[in-house]
Amino acid sequence: MAVSNINNHFMFPLADINEILEFFNEMWPEANYTKTDFTNPQPERMQQLYVSFLSDIVHINMDALTSLSGLENNMSYPEVHANSVPLLMLSLSMNKTARIIGLKSFEMVDLIKPRPKRTMNILSAMMNFIRFVLDRNDKFDAVLEETERASQKNDDLRKEVDDQKKRINAFKISKAEQEPEKEELSKAIGEMNVLIAERKKEELDLTKGAVHVERSLEEGCRKNAQLKLHLAEEVEKNEAILVVQSPERLKSVQEQLQQLLQNLQVEKETRLKHVISIRDREVHSEQLEIAFDRLIQNLTNNSALLAEER
C-alpha cells in the first residue's frame with residue numbers, strides 16, 4: 001500500500017488510487033472494481049459501493065430503508081417515486097454518516113453525478129473508518145460477549161431473587177398455617193408434663209404404701225410365728241390336763257385353736273392381696289410412664305421437624 005498523508009482539510013489520510021483499489025477489492029471482491037471505477041466514477045457503481053458500506057459496516061438495513069412500504073398513503077402517485085425514494089434515502093443515510101467518518105457533508109450530487117476528486121476524498125474517509133471499525137471489532141466483540149454474560153448472569157440473579165421471594169412467601173404462609181398446630185402441640189406437651197408429674201407423685205405414694213404394707217406383713221408373719229410357737233407351747237402344757245378333762249372341753253379348745261388359725265390365714269391372705277394390688281398398680285404406673293415418655297418424644301420430634309421446615 002502507498003503511504004498516505006494527512007490533508008489539512010480532512011480528519012483522515014488521503015489515499016491514492018492504488019491503495020483505494022486494493023482495499024475495496026479486498027472488502028467486496030464480488031464487485032471487481034477497476035481504476036476506471038474511481039478515476040471516472042459512474043453513479044450506479046458508486047451507489048452500489050455506498051449501499052455495501054452502509055449495510056456491512058454501518059449496519060443499516062437498506063432494503064427496509066429504501067422500501068416504499070408505509071409511504072403510499074402520503075403519496076398521490078407512489079409509482080412515480082419508485083426510483084427517487086431509494087436514491088433520496090441513500091443520500092440522507094450517507095449524509096448522516098458523513099460526520100461520523102470525518103466528512104463535512106454528503107450531497108445528492110455525489111450519487112447522481114460523482115466527481116473523481118470528490119469521490120476519492122469520500123472513499124479515503126470510508127477506508128479510514130472501515131479500518132478503524134475492523135481494528136476495534138475484536139475488542140467490541142469481547143465487550144459484547146462480556147455484556148451478554150453479565151446480562152445472562154443478571155437474569156439468573158433476578159430469577160433466583162424471584163424464586164427466593166416465592167420461597168419466603170410460601171414459608172410465611174406455611175408458618176401462619178402451622179402456628180395453631182404449634183400452639184396445640186405446646187399445650188398438649190404442657191398437659192402431659194403435668195399429668196406425668198401427678199403420676200410420679202402417685203407412684204411415690206404407692207411405693208411408700210407398699211413399703212408400709214410389706215413391713216406390716218412382715219410384722220404379722222413374725223407375730224403369727226410367735227403365736228404358733230405360743231400355741232404349741234400351750235398345747236404341750238395342757239396336753240396332760242386335756243387328757244384327764246372331759247372330751248367337751250378338749251373339743252372346745254380345739255375349735256378355738258382352729259378358728260384362730262383360720263383368722264390368721266384370712267388376715268395373711270388379705271394382706272397378701274393388698275400387696276399384690278399395690279405391686280400391680282406400680283407395674284401399671286411404670287407402663288403408663290413409658291407410654292407418656294414415648295408420646296412426649298413423638299411430640300418433641302414433630303416440633304423439631306416443624307422448626308426445621310421453617
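The values are calculated or read from the model by the stated rules, or taken from the named source; none is laboratory data. Values in this document were obtained by computation on a predicted structure and should not be read as measured data. Positions of Cβ are backbone-derived with ideal geometry, glycine not excepted, and every protein chain shown enters the neighbour counts. The area values use the complete protein model at the heavy-atom level, side chains included, leaving out ligands, DNA and RNA. Shrake-Rupley method; radii C 1.70, N 1.55, O 1.52, S 1.80 Å.
With 0.36 nm allotted per residue and the present C-alpha distance subtracted, the residue 63-residue 152 stretch has 28.8 nm of extension available.
Straight-distance candidates among the lysines for linking to residue 223, with alpha-carbon spacing under 25 Å and chain neighbours fewer than 8 residues away dropped: 208, 237, 268, 273.
One chain, two ends: residue 229 and residue 179. Fully extended at 0.36 nm per residue, the span grows by 10.6 nm beyond their Cα-Cα distance. Label reach from residue 112 (point 7 Å along Cα→C-beta): in segment 40-65, amide nitrogens under 14 Å belong to 43-44. Charge tally around residue 142: other residues with Cβ under 14 Å, Lys/Arg +1 each, Asp/Glu -1 each, net -3. Cβ-Cβ distance of residue 135 and residue 164, R₀ of 51 Å, FRET efficiency by 1/(1 + (r/R0)^6): the value works out to about 0.70. The string of couplings for segment 85-92 from the Karplus curve (6.51, -1.76, 1.60, θ = phi - 60°) is 5, x, 5, 5, 5, 5, 5, 5 Hz, one whole number per residue in order, with x for Gly and Pro. Each of residue 256 and residue 216 was given a label point 7 Å from its Cα along the Cα-to-Cβ line. The distance between the two points is 2.8 nm. Excluding ligands, DNA and RNA, the accessible surface per residue across segment 136-230 is 82 Å² with a 1.4 Å probe. Of all lysines in the structure, those lying under 27 Å Cα to Cα from residue 175, and not within fewer than 8 positions of it along the same chain, are 159, 165, 166, 187.
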